[in-house]
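Peer 1: Attaching a single structure in structure tokens format; questions to follow.
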Amino acid sequence: MPPIVKKSDERDEELTAFLDEWLRFYGPVSVEWLAGTLALPVEELTPAVDDLLDGQRLVQGRLVVEGGEDDLCDGENFEILLRMARSAAVPSFNPLPVEDLPRFLAQMQGLAAPGEDMDDLWARLEGLSGYPARAELWEEAIFPARMWRYDGAWLDSLMQEGGLHWVGVEKGRVAFCLEDDLPLLPAREAKDGLRDLLPDAHARYGLPALAMKSGLPMERLVARLWDGVWAGIVSNDSMATLRKGIQQDFQPPKLPQIDPERRGRRVPRGGFSRWTGAAPLAGNWYRLAGAQASSLRVEDDPNLLEDEERARDRARLLLDRYGILFRELLQWETPPFQWPAVFRALRLMELSGEVLGGIFFHGISGLQFIAPRAFRLLQRKLPDGVWWLNACDPASCCGLPLAGLRGTLPKRLPGNFISYCGSSPVLIIERNGKALQFLAPPDDPRLPEYLAPLHNLIERRFQPLLHVTVESINSENSCTSPYLDALSLAFNVVRDYNRIFVSRRLA
């Protein structure tokens, strides 16, 4: 016996099919307008409208500025309206050549106008929060390029005042992170051994106290702490500990060896002093906030709205760092900050008007998003001053697969540096000075300014070089280079038969 179909059900199905087809010819309309136009009571329309909403054929909400909360619109038509609204929201702008991208990033990150004090350093750190870089590079090149005379004591003070952390990303790489940005880093699960070693997530532990509490040999204890650092679980509240780790290649110091024949006698003072000087005794160790609980898989986390908002916060941090975002620019960020992880958030922010989408630099394939503040900077004339950076700097364009920059910049290696005048490279330093390539004539009046990264190599506060060995200048023997006079005026230069040694000029 066939099922009995009531006439009211047939009428609802017919009305649903009719509305589905008819609303394709309209934009957002109110339920009252729909009822009045069809001469039907709202109650009779409700089942058909609900069916179309459940099937995602219709969308409902405040869809137009003048509309109410009950506006309805065909789903495909609404997507078309959104695309039109996005296009209309982008102001008229003639995209800049990609050669101007390094200068724009330098302006966003404070390279074009270096800071002078601790407050300026804090402002630079806000934009760099969460960026992973080689541990030694921060004080050897990244901070000095952003400050006129970088002083490591400023960073020590900021660490001691609280609100700033250094976080291990992988062995040898760390990120500086503001307190409020710690939840944006990927959550890590504290290993049982580290949880037992640092039981209170809100406490700080000195190394001698940890040694007494754990009963572990000092070498093993220090090795375990550094393993926790590279897992992103453990940190220390002192920069001295990180500096000591860099100098010791993050290896635990070895206790002085005692001759068996001397067993029972006093440990030689010199050997013990060398050991204590190599041990990371400064500061206190602690578990990072993100390691207080196990990380959850997306399918296990019922609050997807928090995940979406976290992705937006990461996008906002990246926009503070770069001003503009596109796929290639984020390839050196950690996975939660890379393009696939923030793209959806950027799209939603574009719909809300928080960011602009469009083409702002020629030579970049794919979508580009820019913050309104950065767009206003882009509309003004970019600075023409002299500035420099390391090839691995967060603002560096080295290694980006962009046709307009390929071949003009060195490889993205920590021993390479670039000086710019405006948007033009004027000096490329490779292999920590072994090869210099000047892109300006020897009589350029600003040539002494272009030598700033060379000055940094031998004058920086942290791990300066005693001298720079220059083997070639513009692919020729450095001893016969026309640029030798300019170098001799700025540095103490000693010639060898096929190279020169550049060192700091004594006053």
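All of the numbers you see were taken from the coordinates with simple rules; none came from a lab. Small disclaimer: the values here were computed from a predicted structure and weren't measured. With ideal geometry, Cβ positions are generated from the backbone for all residues, glycine too; neighbour counts draw on all protein chains shown.
Peer 1: Report the Rg/Rh value for the chain, based on alpha-carbon coordinates and the Kirkwood definition of Rh.
Peer 2: Numbers: Rg = 30.5 Å, Rh = 27.3 Å.
We get a ratio of 1.12 for the chain.
Peer 1: With a 10 Å Cβ neighbour count serving as the proxy for reagent exposure, in which order, fewest first, do Ile458, Ile364, Ile80 appear?
Peer 2: Values: Ile458 18, Ile364 22, Ile80 12.
So the residues, fewest neighbours to most, are Ile80, Ile458, Ile364.
Peer 1: If you don't mind, another one. Extending each Cα 7 Å along its Cβ direction at Arg380 and Glu306, get the distance between those two points in nm, one decimal.
Peer 2: A separation of 4.1 nm, rounded to one decimal place.
Peer 1: Moving on. By count of other Cβ within 10 Å, fewest leading, how are His202, His362 ordered?
Peer 2: Details: His202 8, His362 16.
Lowest to highest Cβ neighbour count: His202, His362.
Peer 1: Oh, and also: Counting only helical runs of four or more DSSP H residues, what would the 222 nm mean residue ellipticity of the chain come to if each run contributes -39,500 (n - 2.57) and the total is spread over all its residues?
Peer 2: Details: 19 runs with 191 residues, N = 507.
Dividing the helical sum by the residues of the chain leaves -11000 deg cm²/dmol.
Peer 1: Take the Cα radius of gyration of the stretch 323-384 and divide it by 2.2 N^0.38 Å, with N its residue count; two decimals is plenty. The partial results should precede the final answer.
Peer 2: Details: Rg = 12.2 Å, N = 62, 2.2 N^0.38 = 10.6 Å.
Ratio of Cα Rg to 2.2 N^0.38 Å: 1.15.
Peer 1: Which residue, chosen from Tyr286, Leu125, Met212, occupies the Cα position most advanced towards the positive end of the dipole of the chain, where the dipole is computed from +1 (Lys, Arg) and -1 (Asp, Glu) charges on Cβ about the Cα centre?
Peer 2: It is Met212.
Peer 1: Same structure, new question: With +1 on each Lys and Arg Cβ and -1 on each Asp and Glu Cβ, how big is the dipole of the chain about its Cα centre, in debye rounded to the nearest 20?
Peer 2: Details: 57 positive and 71 negative charges, 789 e Å.
Its charge dipole is roughly 3780 debye.
Peer 1: In the chain, if the dipole is taken from +1 on Lys/Arg beta carbons and -1 on Asp/Glu beta carbons about the Cα centre, which of Tyr497, Leu45, Leu101 is farthest to the positive end?
Peer 2: The residue sitting farthest along the positive end of the dipole is Tyr497.
Peer 1: What does the extension gain come out to for Ser30 and Asp119, with contour length at 0.36 nm per residue minus their alpha carbon separation? Before the final figure, lay out each step's value.
Peer 2: On the way: separation 89, 0.36 × 89 = 32.04 nm, distance 5.36 nm.
That works out to 26.7 nm of additional length.
Peer 1: Give the distance, in whole Å, between the Cα centre of the stretch 412-432 and the Cα centre of the stretch 13-51.
Peer 2: 65
Peer 1: What fraction, in whole percent, of alpha-carbon pairs in the stretch 389-503 exceed 24 Å separation?
Peer 2: Values: 1423 of 6555 pairs.
Taking all Cα-Cα pairs of the stretch 389-503, the fraction more than 24 Å apart is 22 percent.
Peer 1: Can you sort Phe369, Phe337, Phe18, Phe78 so the residue with the fewest Cβ neighbours within 10 Å comes first?
Peer 2: Details: Phe369 25, Phe337 22, Phe18 12, Phe78 19.
Result, fewest neighbours first: Phe18, Phe78, Phe337, Phe369.
Peer 1: Mind pulling the angle between the C-alpha long axis of helix 7-22 and the longest principal axis of the chain? Nearest 10 degrees, somewhere in 0 to 90.
Peer 2: 50
Peer 1: Further question on the same structure: Count of lysine pairs in the chain with Cα atoms under 22 Å apart, counting only pairs 8 or more residues apart in sequence or on different chains? Don't skip to the end; give the middle numbers.
Peer 2: Details: Lys171/Lys191; Lys171/Lys244; Lys171/Lys254; Lys171/Lys411; Lys191/Lys213; Lys213/Lys254; Lys244/Lys254; Lys411/Lys434.
Step by step, the pairs that qualify in the chain add up to 8.
Peer 1: Which residues does the label zone of Arg412 cover in the stretch 95-135, counting backbone N under 15 Å from a point 7 Å along Cα→Cβ?
Peer 2: 102, 131-134
Peer 1: Could you calculate the contour length gain from Glu10 to Gln160, that is, 0.36 nm times the residue separation minus the distance between their Cα atoms, to one decimal place in nm? Each step should come with its number before you reach the end.
Peer 2: Values: separation 150, 0.36 × 150 = 54.00 nm, distance 7.39 nm.
Full extension of this stretch gives 46.6 nm more.
Peer 1: Show the residues, 5+ positions off or on another chain, whose built amide H is closer than 5 Å to the amide H of Trp388.
Peer 2: Tyr420
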